[in-house]
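Bear in mind that the values in this text are calculations on the coordinates, not laboratory data. Worth saying up front: this structure is predicted, and the values here are computed from it rather than measured. Note that we place each Cβ from the backbone using ideal geometry, even for glycine, and neighbour counts take in every protein chain shown.
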Protein chains: 2
Amino acid sequence: MRDVAIIGVGANPRWGELWGQSLRDIFVEAALAAIDDAGVDHLDGMYVGCMSSGIFTGQEHLASLMSDYLGQKHIPATRVESACASGGLAVKSAFLEVASGYRDIILAGGVEKMTDVSGGEATFALGTAADGEYEGYHGATFPGLYAMIAKAHMARYGTTHEMLAQVAVKNHANGMLNPMAQYRSEITVQQVLNSVMIAEPLHILDCSPITDGAAAVILCPLDMAKKISKKQPVKIAGVGHATDTIQLAQRPDPTWLESTALAAEAAFKMAGVSRKDIDLYEVHDCFTIAELAVIEALGLVDKGKSGEATLKGRTARTGDIPVNVSGGLKSKGHPVGATGAVQIVELTRQLRGEAGERQIAKARRALAQNMGGSGGSAVVHILEVA
Amino acid sequence: MRDVAIIGVGANPRWGELWGQSLRDIFVEAALAAIDDAGVDHLDGMYVGCMSSGIFTGQEHLASLMSDYLGQKHIPATRVESACASGGLAVKSAFLEVASGYRDIILAGGVEKMTDVSGGEATFALGTAADGEYEGYHGATFPGLYAMIAKAHMARYGTTHEMLAQVAVKNHANGMLNPMAQYRSEITVQQVLNSVMIAEPLHILDCSPITDGAAAVILCPLDMAKKISKKQPVKIAGVGHATDTIQLAQRPDPTWLESTALAAEAAFKMAGVSRKDIDLYEVHDCFTIAELAVIEALGLVDKGKSGEATLKGRTARTGDIPVNVSGGLKSKGHPVGATGAVQIVELTRQLRGEAGERQIAKARRALAQNMGGSGGSAVVHILEVA
């Protein structure tokens, strides 16, 4: 396998309710930003991560649509989907294409246009990430599924509402420093606890929002990156990917995200590094409980200790294991197909020292964890300064 | 890049209106058949090609669903989509993963469950392969788009209704010899011309049907295949993939499928062979005009000469360039996400000498062409006896 580097990253200036832009506009804006950042004059191929453009906008075949509207018709292009892990999988797919030696300069992006439908329709669309016959048909929605994870975590480990709320408080504080964040507003634990209940114990401020947005990265062989890139190349040192039962109810322990644990294990093994070598993390905080379960599955804290670690500030920007310095899905927004891609954008900026006010000093190596459904799929990337 | 071989293939016993089986049942049946054929005891990963399970069945996240229901939870799995080229792209994606050296034994399958919705809903779902804003919104459907290609071909080259009809007659004759074909019935040119008009000049017997079905292949490194496979390994010698404008109206010549021409050029270059080295072809005959345009874009006949070549029997099973010996999409059926995968199943069976009554004698090398939309994407594979 060839070593692979990231040489360009881009996203929309700000994520949110982008009513003035269509699905294609949003993607092309992010892709052009990445191409500009990389300084390349062509692409050899493209991957587009998108969860459900069919239901959200009545448009499939994004491979053709997006390469065409990007002015790159004729290049090979592929859409990949794994619910909310679609963006991370676009990056993995591009990594494999470059690593294989088949093609050299590949764009991997993610996009979702979610606000052109009603809230009920969006809930239906998102619900297609669950098992339609055994979860969706019986009325389970994602707030409901994650609420069940939260209840189990509270019952088993004594996790409190305040611990959950602190995840949101931390990520909003981080998002204040990120110009692209949908919600740049500080919140308090009390505000989270007073906010409307969505699915007990999750209040609305425990939930990531509905968002329009896109993000893109450009990959090429590391050798080529060292020659052509004007910026610090970032190497993709580890790639891990795994699945789990699509149904939450079929897992032996609903609080344990086995797909994330397996993907992390594979990525660490490939990179030849351990947790102590990682300077910061971007993880999938679609709900506050998700961030807690993820940092346990990644092995950053012991099982059941994630709430306490969060309350103590260990995962804050200034803590010893900074998690979601970008603001995470909670503050930055969660256009489901784009989330995994923007994690790589954020970490690349951090490793290049371009993260402005939220820069983590001396960041040399970072990990991104992106997942689909209630943990039915997960992809982990480890990036390092090349 | 490592050389890659096909060591197992499978599909449902017969395609059609499979009302007794759900989306997952159909895929798992085909995947298990491929695993059984390969004789492997595990998979290292999986790709699922599917166009629009979200709209057809309210289910996304097939990566998790299908690996789970196949009894393979925890393996990396990815769904890929490029409209009706989704199945072919699943094979390309699996090829890249094995060629890269990242993982060894990968299943690539395609599936579509199309008959659980009304005809109107199916037409809408299929229409999402076109440009929603500039084609779909104005009422263009796929029969309409291909009818425009046909009218242009007739006007420019003198192609006749009879020439179009002969494609359907030939493919139904071939399908008579294929136990899995949805329509195992001989038809005549007169029957095609007398059948109900869908979009002038395309009659209903010029159109491929709505179908439920799945197909799967298993890939591994060629070196490994020679050690573990009890059957003749089939090498993937060439892989080509390209896109074109998603809108038919934006192409300089609506009768010319540039994405197919580019994908074929790349595949021939990679395989180091030319058209005279290919013993048979499976191509994307979603409408009779599609097969004519494709064999021109592949360079099998001169521009404008495809109708004449078909009338002369050159593309018949007994002709000098056998095309769609399986019965093609027309007779075998067209579950859109599965079509590209079953082309590889058919050609593997032919190259192994397992094609029964429709066996092409001494078949050593074969080409599959699969496309999305009105030609907005295309993927070409060249297979050969290893």
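Observations
- Straight-distance candidates among the lysines for linking to residue A:151, with alpha-carbon spacing under 17 Å and chain neighbours fewer than 8 residues away dropped: A:303, A:305.
- Neighbouring Cβ atoms from other chains, within 10 Å of the Cβ of residues in B:241-252, number 5 on average.
- Under 19 Å from residue B:227, Cα to Cα: lysines that are on another chain or at least 8 residues apart: B:235
- Take residue B:116, push a point 7 Å out from Cα through the beta-carbon direction, and compare it with the same point in every other copy: 2.5 nm, smallest first.
- By the beta-carbon count within 10 Å of each Cβ, the least crowded to most crowded order of B:344, A:204, A:321, B:75, fewest first, is A:204, A:321, B:75, B:344.
- Filtered trypsin sites (Lys or Arg not before Pro), region A:174-245: DSSP coil and at most 13 other beta carbons within 10 Å: A:230
- With Cα atoms defining each centre, region B:155-216 and region A:260-288 are spaced 53 Å apart in the structure.
- Sorted by Cβ density within 10 Å, fewest first, the residues B:245, B:188, B:339: B:188, B:245, B:339
- Start at zero, step by 5 Å, and the Cα-Cα distances of region B:301-372 spread as 3, 15, 24, 24, 20, 12, 2 percent across the bins.
- Adding -39500 (n - 2.57) for every DSSP H run of four residues or longer, then dividing by how many residues chain B holds, sets the calculated 222 nm ellipticity at -11500 deg cm²/dmol.
- Mean projected area (nm²) of the alpha-carbon convex hull when region B:65-208 is viewed from all directions: 12.4
- Residue among A:258, A:133, A:200 with the largest mean-square fluctuation in a Gaussian network model of chain A, springs linking Cα atoms under 10 Å: A:133
- Taken over chain A, the convex hull of the Cα atoms encloses 119 Å³ per residue.
- Note on A:19, B:15: ascending count of other Cβ atoms within 10 Å places them as A:19, B:15, the fewest first.
- Centre separation in Å (Cα based) which lies between region B:46-97 and region A:20-45: 26
- Copy-to-copy label separations for residue A:231, where each label sits 7 Å from Cα toward Cβ, in nm and ascending: 4.8
- On Cα atoms only, tilt of A:288-297 relative to the major axis of chain A in degrees: 70
- Counting DSSP beta bridges with both ends in the protein assembly as shown, the antiparallel % (nearest 5): 75
- Helix A:142-157 axis, angle to chain A major axis (alpha carbon atoms, nearest 10°): 60
- Cα radius of gyration and Dmax for the protein assembly as shown (Å): 25.2, 80
- Within straight-line cross-link reach of residue A:231, lysines at Cα separation under 21 Å, skipping those fewer than 8 residues along the same chain: A:362
- Nearest-ten-degree value, helix B:86-100 long axis tilted from longest Cα axis of chain B: 40
- Distance between region B:342-363 and region B:365-385 - C-alpha centres, whole angstrom: 16
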